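Peer 1: Supplied in structure tokens, the structure appears directly below.
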Amino acid sequence: MKLNKKQIFYSIIFVFFIIWSFIYIWIELIFSTIFYFMLYAVLFYLLFSLIYYVFLKKILNLRVFLDKFAFIFSIFIFSIFTAVYGFIVYNNDIEPLKIWVYELTNETQDKTVRFVSMSHIWRGEFYESVYKELEKAKDEGFVLFYEWIFEGSEENLNKFNSLLGLPEKPDENFYAKMSKIFWLSSQNTKQYVEIFWENAYRTDLWLDYLMEQYNALPNQLTKNFEWMEDISTDVVKNFEKFEKLPEKQKKITSFILRTSLNFILKKNFVSEVKLWLWNEAISEIVINLRNENLADEVRTSEHKKIIVIYWWLHYEWFLENLQAKSNSPRQEKLIKYNYPIFAKKY
């Protein structure tokens, strides 16, 4: 039997889909697709048969219907694959997220601050570029100010982790595990500190102080944080589910999640992220208090060349705090950027 163009098209699409599903061991995807194909074919056949009989007084030919339905269904599958692949390529290769290195100076030009935007999980190449940036800064006479909350009581640590949507007692490899879900690497602050040694300063606040400030906030600001505890439970469950996946499924799942992460973070809605992700109370202790402290440390420091590595979300409000003080480094300049997430390499 000679196939027409439509039949050739949907035959190629279905064969491609089946091969792709077998490669990634998603046999259940094939069976579920076949099931829904048959289900909707039956439903639409009954519907159109009724329409044909009522309005045209004809019996709908089953073979003709299945031929057209298979063609339409193949177009649907092709469109989904094209849209998803196009979304991935655009957000990872054409227009990926850029994380900037900022340089700030004051009016008298006697103090220079470089802010290296960081993330706790990212590509290994990104952390390598940060390492080189810090080595270069050390050779130029910079000192390092870095992010790392000082220790506190176990009770406060558990509550603080819950506020962030983390497990109460995450092990030391928590971020390393989380990075695997996105097929990425995790930040190793100790590696950066070792570059500077005695010229590395831990410019952060004590955990017990942060939780003391949190507990002192009005009740209406702190009462709605319980939903973050639910997230922390989901995080642990998702780790467990991810670890049980076959390797090829892990890879493609990470591929899609990484693309979604890239798309979300590159949008210019830093303020909205802050307010949506946490309530006002959590933002106050995680972001605001620490930004004020970092800005004061930079402003009052006797060092004239300072390089800062802090989470990228801190920068906007760190700069506001810094510029609010007299004779602080306030003249902003973008000196370079890094592409933290690509889809091409693993």
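Peer 1: Of the numbered conditions (1) farther than 30 Å from Ile309 by Cα; (2) modelled with pLDDT of 85 or more; (3) in contact with a Phe, Trp or Tyr (Cβ under 8 Å, 6 or more places away or on another chain), Tyr102 fails exactly one; give the number of that condition.
Peer 2: (1)
Peer 1: Check region 192-215 and report whether any residue there is at pLDDT 90 or above and of a type in the set (Lys, Arg).
Peer 2: The answer is yes; a qualifying residue exists.
Peer 1: Return the pair list, or none, for Cβ contacts closer than 6 Å from residues in region 150-163 that are within 15 Å of Ile285 (Cα to Cα) to residues that are small (Gly, Ala, Ser), at least 6 apart or on different chains.
Peer 2: Here the result reads Ser162/Ser232, each pair linking region 150-163 to a residue that is small (Gly, Ala, Ser).
Peer 1: I need the helices (runs of 4 or more DSSP H) fully contained in region 251-346, keeping only those with at least 3 residues that are at pLDDT 75 or above.
Peer 2: Because the criterion is at least 3 residues that are at pLDDT 75 or above, the helices (runs of 4 or more DSSP H) in region 251-346 that meet it are 289-300, 315-323.
Peer 1: Search region 99-112 for residues being surrounded by 14 or more Cβ atoms within 10 Å (Cβ to Cβ) and not hydroxyl-bearing (Ser, Thr, Tyr), and hand back the single one that is nearest to the chain's Cα centre (by Cα).
Peer 2: Ile99
Per-residue answers, yes or no, for (1) within 19 Å of the chain's Cα centre (by Cα); (2) among the acidic types (Asp, Glu); (3) closer than 25 Å to Glu292 by Cβ; (4) not in a helix (DSSP H, G or I):
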{"site": "Asn91", "(1), (2), (3), (4)": "yes, no, no, no"}
{"site": "Glu125", "(1), (2), (3), (4)": "yes, yes, no, no"}
{"site": "Val130", "(1), (2), (3), (4)": "yes, no, yes, no"}
{"site": "Gly141", "(1), (2), (3), (4)": "no, no, no, yes"}
{"site": "Phe160", "(1), (2), (3), (4)": "no, no, yes, no"}
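Peer 1: I need every pair where a residue in region 122-142 that is within 14 Å of Ser186 (Cα to Cα) and not assigned by TED's automatic domain parsing to the domain that holds Trp312 has its Cβ under 8 Å from the Cβ of a residue that is modelled with pLDDT under 95 and surrounded by 13 or more Cβ atoms within 10 Å (Cβ to Cβ), sequence separation at least 6 or different chains.
Peer 2: Note: no pairs meet the criteria.
Peer 1: One residue is enough: does region 11-29 have a residue meeting the conditions within 30 Å of Val143 (Cα to Cα) and of a type outside the set (A, V, I, L, M)? Break it down into steps so the answer makes sense when it comes.
Peer 2: Restricting attention to region 11-29, the residues satisfying the condition of being within 30 Å of Val143 (Cα to Cα) are none.
No: zero hits.
Residue-wise test of (1) in a helix (DSSP H, G or I); (2) over 40 Å from the mean Cα position of the chain (by Cα); (3) surrounded by 14 or more Cβ atoms within 10 Å (Cβ to Cβ); (4) not assigned by TED's automatic domain parsing to the domain that holds Ile252.
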site	(1), (2), (3), (4)
Phe14	yes, no, yes, yes
Phe22	yes, no, no, yes
Thr33	yes, no, yes, yes
Phe44	yes, yes, yes, yes
Val54	yes, yes, no, yes
Lys58	no, yes, no, yes
Phe65	yes, yes, yes, yes
Ala70	yes, no, yes, yes
Ile88	yes, no, yes, yes
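The values are calculated or read from the model by the stated rules, or taken from the named source; none is laboratory data. Quantities reported herein were computed from a predicted structural model and do not represent experimental measurements. Every residue, glycine among them, receives a Cβ derived from its backbone with ideal geometry; neighbour counts consider all protein chains shown.
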